[in-house]
Amino acid sequence: MFTALLDRITGRLPSQCLICRAWPARPLCADCVTRFTPRTSRCTTCALPVSEGVARCGACLRDPPPWDACHAAVDYGWPWTVCVARFKFHGQPQLARALTALLKRDAAVTHAIAQADCVLPIPMTRQRLAERGYNPAWLLAQQLTRPLAPHKARADALLRTRESTPQRELRRSQRIRNLRGAFMAQPARGACIQGQRIVLVDDVMTTGATLREAAHVLRQAGAAHITAIVFARTPEPGA
Ligand SMILES: [Zn+2]
Ligand SMILES: [Zn+2]
């Protein structure tokens with residue numbers, strides 16, 4: 001309640017642009033948004049940059065991910081690494097609104113939210129949530145559904161059963177093993193998943209191992225359609 005009020009107040013106050021430090025500005029000024037969000041063609045199932053006119057990258061054609069579509073607002077590089085770090089690790093949950101605004105500029109994102117029955121964040125364990133105070137993915141999921149359909153955002157349908165070593169410290173093969181059994185569909189919330197169109201939300205997608213494991217669990221629980229939406233997508237090494 002208090003956080004929501006604070007968020008509403010700070011969201012309206014002029015502040016410094018996080019990137020260029022212009023003042024007064026919204027957390028991200030219009031110039032920086034234009035400069036650092038170049039129009040990028042992305043693979044429709046993993047959001048990696050692809051050449052104009054290409055729908056799916058070679059990797060997705062060879063080994064399709066366990067979801068139907070994927071959208072990202074930006075590549076995970078400077079200055080977005082800094083913005084995401086502030087949002088996730090430096091106690092600035094109010095940035096959810098500015099980051100989500102960049103996602104919502106994509107008609108495919110707003111369409112996916114409009115079509116969805118449920119919008120689910122990648123969950124954290126209770127312990128991790130207590131340590132950090134908020135789940136960044138949940139804040140993004142909430143902002144994505146506002147103002148038209150806040151009821152679609154659900155934090156209780158997909159659960160994290162155990163925390164694993166932070167993914168960023170692991171190699172790809174270790175990441176996949178590390179996550180096995182980390183998620184569970186809440187049996188009492190089966191109606192949110194079975195036969196439903198689901199949007200799965202996370203802040204950053206690097207290898208996609210976390211989203212894959214979560215989507216796999218949702219598929220097993222009967223999800224009819226899954227769209228992954230992430231704020232930032234890590235480009236392939238060397239890309
Ligand atoms: Zn700026
Ligand atoms: Zn792809």
| task | Consider Pro14 carefully, then state whether it is more than 16 Å from ligand 1 (Cβ to nearest atom) and of a type outside the set (A, V, I, L, M, F, W, C). | result | no
Residues of the range 17-68 being part of a helix (DSSP H, G or I) and within 11 Å of ligand 1 (Cβ to nearest atom), in sequence order, are Ala30, Asp31, Cys32, Val33, Thr34, Arg35, Phe36
**Message:** Being in contact (Cβ under 8 Å) with a residue 60 or more places away in the chain, among the hydroxyl-bearing types (Ser, Thr, Tyr) and within 20 Å of Pro66 (Cβ to Cβ): is that true of Thr161 here?
**Reply:** no
Going through (1) within 11 Å of ligand 1 (Cβ to nearest atom); (2) at pLDDT below 90; (3) β-branched (Val, Ile, Thr) one by one, Ile9 fails only at (1)
*Ala155 of a type outside the set (Val, Ile, Thr), surrounded by 13 or more Cβ atoms within 10 Å (Cβ to Cβ) and over 19 Å from Gln92 (Cβ atoms)*: yes
Picked from the range 31-67 (must be closer than 30 Å to Cys17 by Cα and surrounded by fewer than 12 Cβ atoms within 10 Å (Cβ to Cβ)), the residue farthest from ligand 2 (Cβ to nearest atom) is Thr34
The condition from (1) free of Cβ contacts under 8 Å to residues at least 12 places away in the same chain; (2) part of a loop (DSSP other than H, G, I, E, B) that Gly195 misses is numbered (1)
One residue is enough: does the range 74-90 have a residue meeting the conditions part of a loop (DSSP other than H, G, I, E, B) and within 16 Å of ligand 2 (Cβ to nearest atom)?
yes
Q) Does His216 qualify as being exposed (fewer than 13 other Cβ atoms within 10 Å of the Cβ), in the same structural domain as Thr81 (by TED's automatic domain parsing), at pLDDT 95 or above and more than 18 Å from Leu103 (Cβ to Cβ)? A) no
Out of (1) modelled with pLDDT of 90 or more; (2) under 23 Å from the mean Cα position of the chain (by Cα), the one Ser51 does not meet is (2)
Q. Has the range 97-105 got at least one residue that is closer than 30 Å to Gln16 by Cβ, in contact with a Gly (Cβ under 9 Å, 6 or more places away or on another chain) and not in a strand (DSSP E or B)?
A. yes
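The values are calculated or read from the model by the stated rules, or taken from the named source; none is laboratory data. Just so it is clear, the structure is predicted and the values come from calculations on it, not from any experiment. Here the Cβ is made from the backbone with ideal geometry for all residues, glycine too, and neighbour counts use every protein chain on show.
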